[in-house]
Every structure is written in C-alpha cells, then in structure tokens.
Amino acid sequence: MRSPRGHAIRAGFAALIMGACLAPALHAQSTTFSGAVALSSQLVDRGQAMTRTTPVLQGAASWAFPAGWSLGLSGSAEVQSPSHVVAALAQASRHWSLAGDWQMQANLLYYRYSGTARSRAFDRAEAGLSWTYRDVLTLGLSTIYVIGSKGQHRPRGAADISYHWPLARQLFLSAGAGATQSPIAPYNAYGYSHEYDHVGPRRRAREGIHAYGHVGLLWRHGPWRIELDRILADPKTRWQWDVMDASPWVATLSRSF
C-alpha cells in the first residue's frame, strides 16, 4: 500500500506543475521555456544518497521571464517504479549581470523526498546567493531550514563551489566541493538520534560540518550531455547500517530541449 505521504507529494508536485504551466499562457509573448530529461545511476544530494544504487529518471522544466526572473520544477523517480516520485524540487530565482564576466543569482528552493525516513530527513527550504564567472566557476552560499527535522529548527548554512574547465572540443573537467551543517541531529549515548529515533540505530557521526565533493568528466554535444563523477563525501557522516551510502561513481545521461 502506498503511503499517504507519497500521495501528498505526488499531488503537491502535480499542483506545482499545473500552477507553473499557467505562466506560459499568461505571458506567451515574453516567457522562455526550457526543459531536460535525464537518466542517472543514483540520486545524490550534497554527498548523501537519496536513493539506492539504481537507475533514476529525472525531469526538469523552467520558465524564464523578463528582468531576470525564472521558475523551475523537477522530479525524480526510480526506473523500477516510474509512477512513484522519490524527489521533487521547486525553485524561484532572479539573476543579475555584474561588471565584466560575472553574474549573480538569488535562489529560493524547496526540496521534498518521499523515500525512506532517512531521505525525508533532508526535506528542506533553502535560500541562497551564487556568483558565476563565465560559466566556468560558481560560488554559492545558502541558508537552509530543515523541514524534516522534528527537533531543532534553527537555520543551517552551506557553501559550495563548482568548476568546469574545457579540455578538448566538447570534453570538460567537472569538479565541485562544499560544506554544510548536517540536518541529522546529534546522537545520544546509545547511538540514536534525538530527532530521528524512528529511523533506527546509527553509529556516532561528527557534529557540525559535513564536507562533500565530486570530480569527473563532462561531455556536451548540442542538447546531449554525459557526465561521470567520482563522489567524495566525509566517511564520518555515513550511517553504520545504511544500505544507501552514495556510490563511489555516479553517471548521468541527459538531453535538454
């Protein structure tokens, strides 16, 4: 039997899509639509696995408006259960061109996961600022409010940097690193989280900063894109009996339109 939470997530995601689809009808003369579909070997969020090591279908759509505003929606589902959305994202953003080759963007994001209790602990709203240099270097700072937390609701911070460097023709070096305050609460003396006792026992993890990153190769040709990344994550953040640790390698094939 599918959980009420799963039905609520699908209904909420459908409502977001319907609402966003009204934008092109109202602003057909000034709105630009774009989208993408992708197939990944696993869904990973800041070094943490949100699905098992199994193929994941992803879809995204965005609408760009005059003056730099844009709206975006995306959803993910495991290939073996395509009708069950395991992750959904809604985004609103505003970008500005700065002096020279720099751009700045302000983001407001809402993440929702419908998998295990572990992945639902990463449900969150996030506000951030990022600065991009020539589509090569991006720096970002974020403030995170964890919705999945049953205990502390204090804001948490994150910082990210990503880098793309052309190697030959359509081949690029892709790398990224970041650090965030983990949404998982500190463990008690018996190895349980005060906020997520229902999730089950886990070994003690370091409180405070959770570091992550990736390095890999990216190939682009027209609307097609293939990326293979080596996932790097702080081993102290892994759960002792967790079957959903991030795979060392994640591959993604996508097509934009």
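Summary table below
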| item | result |
| --- | --- |
| At R0 = 35 Å, FRET efficiency that the Cβ-Cβ distance of S34 and D234 yields, to 0.05 | 0.50 |
| Accessible surface of the stretch 38-113, 1.4 Å probe, proportion on carbon and sulfur as whole % | 63 percent |
| Estimated vicinal HN-Hα couplings, Hz - the stretch 44-51 in sequence order (Karplus 6.51, -1.76, 1.60; Gly, Pro = x) | 10, 10, 6, x, 10, 6, 9, 9 |
| Pair L173, Q80: separation of 7 Å Cα→Cβ label points (nm) | 3.8 nm |
| The stretch 157-162 - phi-based ³J(HN,Hα) in whole Hz, Karplus 6.51/-1.76/1.60, Gly and Pro as x | x, 8, 9, 9, 9, 10 |
| Rough spin-label spacing in nm, given labels placed 7 Å along Cα→Cβ, for F65 and T143 | 2.3 nm |
| Around Y133: net Lys/Arg minus Asp/Glu count, Cβ-Cβ under 15 Å | -2 |
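The values are calculated or read from the model by the stated rules, or taken from the named source; none is laboratory data. These figures come from a predicted structure and were not determined experimentally. Neighbour counts run over all protein chains shown; Cβ positions are idealised from the backbone, glycine included. Remember, those area values only see protein heavy atoms, side chains included, never the ligands or the DNA or RNA. Shrake-Rupley method; radii C 1.70, N 1.55, O 1.52, S 1.80 Å.
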